[in-house]
Amino acid sequence: MLQIAVCGKPNVGKSSFFNSATASTVEMANYPFTTIDANKAVAHVIKDCPCKELEVTCNPHNSICIDGKRLLPIELIDVAGLVPGAHEGKGLGNKFLDDLMQAKVFIHVIDASGSTDIEGNPVDPGSHDPLEDIQFLEEEIVMWMYGILSRNWVRLIRKVGAEHLDISKVLFDQLSGTGITIEDIIEAKRNIEPDYNKWEEKDLIELTRNILRIAKPMMIIANKADLPTSAANIERIKEKYPYVIPTSAESEIALVRAAEAGLISYISGDDHFEILQADKLNPNQLKALEYIQTNILDKYGSTGVQKALNYGIFELLDRIVVYPVQDEHKYTDQKGNVLPDGFLVPNGATPRELAYIVHTDIGDKFMHAVDARRNMRVASDYELKDGDIISIVTRG
Ligand SMILES: Nc1nc2c(ncn2[C@@H]2O[C@H](COP(=O)(O)OP(=O)(O)OP(=O)(O)O)[C@@H](O)[C@H]2O)c(=O)[nH]1
């Protein structure tokens, strides 16, 4: 399952974001370090399900379909708060950076309201500049990874020269366990000094920065967007980071809970909700819902939580959803389930690669594939498109 790590300084709403996205319970409180261990749970990304367009009733297996929206599972990791100096062991230190590296993409949660200082302690709303937090967190991660990359550097470089080793492979070995591939390293090396013997500290830091940019894309979400001091900060942040997503994790939690209780109807990611049982809501609850509608949903188009997950997987990781089936006419598996599975595959993957993602055995026995929508056999170098329904034909 693809993993997204939720990171940031303490008290910005990481656990709230994690909770709202996974509906699991982790402790929440208004003081730093509520989260003392890495937490993992299943969240979903959402795409239109082909069932609606094809006018069929689907029987999802590895995912869920609600009103023609396919929810595909991903794993969310709630990483505890990072403070400046974390790479040197300050605060809760290195363990959390290790947790972070399990993921393919990072969501950096910042407190857009400026009501927490750089270490996450509560301060007067609007008195801290959240732009500072973006820089420090990126720097922490770079310096932590630089520490790993440059471990025993002098001895290592001597060995590379003496034994004619491939420097990319050596760097790859240094970073083992971080999910970084040799291809990432080769690409990251492109625009730095070609002769590794001439590399200085600044070159290695630059190389580290490149590796992270390529292998671990990070998005920024501006949380607590519901607070009055957030709007001006969000505008300022957008000037520097155009793709920042305003979120209100607390609003999302309130809406999800109200929907679970049957008081409203609401689907994550929507720009509205409908009150179902007005008589069961007290005046304060009604006021809170009205506040969310005006100050979050009308203003930003959604609470931002679902938008952030979708952005991470579909934009930053460039994944598409493909539906493998056995029967290309009925869109079913061998048990007759219609559109049973949706897979998040890299954009541009081939049917053979899809076969391997489904199962090694199917990959090994792959012969060719049929595009079920067009009822046509596709070429072996065919690049899968989002929403494709593919029948994989295997040997034996
Ligand atoms: N107004 C507002 N408050 C929020 C929002 N999200 C979280 N909070 C509040 O911010 C405080 C911190 O939230 P947490 O989710 O515990 O923050 P955290 O980043 O996980 O904190 P640590 O576990 O200490 O790292 C709590 O009081 C939350 O209620 C939001 O969207 N809007």
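Inside segment 113-145, can you point out the residues that are hydroxyl-bearing (Ser, Thr, Tyr) and either within 14 Å of the ligand (Cβ to nearest atom) or open to solvent by less than 10 Å² (accessible area, probe 1.4 Å) (or both)?
Passing the criteria: 113, 115, 116.
The conditions are (1) open to solvent by less than 50 Å² (accessible area, probe 1.4 Å); (2) in contact (Cβ under 8 Å) with a residue 24 or more places away in the chain, and residue 263 fails exactly one of them. Which is it?
Condition not satisfied by residue 263: (2).
Does segment 55-114 hold any residues that are within 22 Å of residue 148 (Cα to Cα) and among the small types (Gly, Ala, Ser), and which are they?
80, 81, 85, 86, 89, 91, 93, 103
Need the failing condition index for residue 325 against (1) among the β-branched types (Val, Ile, Thr); (2) in contact with a Leu (Cβ under 8 Å, 6 or more places away or on another chain); (3) under 25 Å from residue 253 (Cα atoms), just the number.
(3)
Of all residues in segment 200-253, count the ones that are surrounded by fewer than 20 Cβ atoms within 10 Å (Cβ to Cβ), outside any helix (DSSP H, G or I) and without any contact (Cβ under 8 Å) to a residue 60 or more places away in the chain.
So the count comes out to 2.
Being part of a strand (DSSP E or B), out of contact with any Asp or Glu (no Cβ under 7 Å at 6 or more places or on another chain) and surrounded by fewer than 17 Cβ atoms within 10 Å (Cβ to Cβ) is the filter here; which residues of segment 305-359 pass it?
Of everything in segment 305-359, just one residue is part of a strand (DSSP E or B), out of contact with any Asp or Glu (no Cβ under 7 Å at 6 or more places or on another chain) and surrounded by fewer than 17 Cβ atoms within 10 Å (Cβ to Cβ), namely 327.
Within segment 93-112, take every residue that is at pLDDT 95 or above and within 13 Å of the ligand (Cβ to nearest atom) and give me the one that is surrounded by the fewest Cβ atoms within 10 Å (Cβ to Cβ).
The qualifying residue surrounded by the fewest Cβ atoms within 10 Å (Cβ to Cβ) is 108.
I'd like to check something: does segment 363-383 contain any residue that is under 30 Å from residue 108 (Cβ atoms) and surrounded by fewer than 19 Cβ atoms within 10 Å (Cβ to Cβ)?
There is no residue in segment 363-383 that is under 30 Å from residue 108 (Cβ atoms) and surrounded by fewer than 19 Cβ atoms within 10 Å (Cβ to Cβ).
For segment 178-199, what are the residues that are part of a loop (DSSP other than H, G, I, E, B) and either among the polar types (S, T, N, Q) or touching a His at 6+ places or on another chain (Cβ under 9 Å) (or both)?
The answer is 178, 181, 191.
The values are calculated or read from the model by the stated rules, or taken from the named source; none is laboratory data. From a predicted model like this one, the values you see are computed outputs, not experimental measurements. Cβ atoms come from the backbone with ideal geometry, glycine included; neighbour counts cover every protein chain shown. Calculation scope for accessible area: heavy atoms of the full protein, side chains included, ligands and nucleic acids excluded. Shrake-Rupley method; radii C 1.70, N 1.55, O 1.52, S 1.80 Å.
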